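Novice: Here it is, the structure, as structure tokens.
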Amino acid sequence: MPDPAHPGYARFRIRPQPGGGLTHAEATPRSPHGTIGSSWRDAGKGLVMQVTVPRGSTATIYVPATSADQVTASAGARPAQWADGYAAYTVAAGHYTFRVRG
């Protein structure tokens, strides 16, 4: 989801909503800065989420979890906040993996 204060996907948010019988999802929208990648999959007793942020962009990634302590994030992902069942991370351009222990 683009951030209205930063047009052209210079800054955006990714906030998946697993459940409803889905076991995985993937999206690769194109932006003026390149392809944004987002996927998640049910890993049995947890969740694995992968995100790609193109050059020239930053993002806030919301990882669904019952507590922030359940989340392991790639190097470079900075914890931002915990609220409403999501651990939020701020990331710059790059590829990131988030793992949630269930």
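Novice: Could you please find all residues in the range 16-50 being part of a loop (DSSP other than H, G, I, E, B) and either at positive phi or surrounded by 15 or more Cβ atoms within 10 Å (Cβ to Cβ) (or both)?
Specialist: Keep residues of the range 16-50 that are part of a loop (DSSP other than H, G, I, E, B), which gives 16-23, 28-29, 32-33, 36, 43-45.
Answer for the range 16-50, where residues must be part of a loop (DSSP other than H, G, I, E, B) and either at positive phi or surrounded by 15 or more Cβ atoms within 10 Å (Cβ to Cβ) (or both): P16, P18, G19, G20, G21, H33, I36, A43, G44.
Novice: In addition: So, A68, is that one over 17 Å from A88 (Cβ atoms) and open to solvent by 30 Å² or more (accessible area, probe 1.4 Å) or not?
Specialist: Numbers: over 17 Å from A88 (Cβ atoms): no; open to solvent by 30 Å² or more (accessible area, probe 1.4 Å): yes.
So A68 fails the test.
Novice: Right, here's the next one. Quick check: anything in the range 77-87 touching a residue at least 60 places away in the same chain (Cβ under 8 Å) and either among the hydrophobic types (A, V, I, L, M, F, W, C) or open to solvent by 40 Å² or more (accessible area, probe 1.4 Å) (or both)? Step through it out loud before you land on a result.
Specialist: Kept after step one, since they are touching a residue at least 60 places away in the same chain (Cβ under 8 Å), are these residues of the range 77-87: 86.
Of the ones still in play, those that are also either among the hydrophobic types (A, V, I, L, M, F, W, C) or open to solvent by 40 Å² or more (accessible area, probe 1.4 Å) (or both) are none.
No, every residue in the range 77-87 fails to be touching a residue at least 60 places away in the same chain (Cβ under 8 Å) and either among the hydrophobic types (A, V, I, L, M, F, W, C) or open to solvent by 40 Å² or more (accessible area, probe 1.4 Å) (or both).
The values are calculated or read from the model by the stated rules, or taken from the named source; none is laboratory data. Here the structure is a predicted model, which is why all the values come from computation and not from measurement. Note that each Cβ is placed from the backbone with ideal geometry, even for glycine, and that neighbours are counted across all protein chains shown. Protein only, heavy atoms only, side chains kept; ligands, DNA and RNA dropped before computing areas. Shrake-Rupley method; radii C 1.70, N 1.55, O 1.52, S 1.80 Å.
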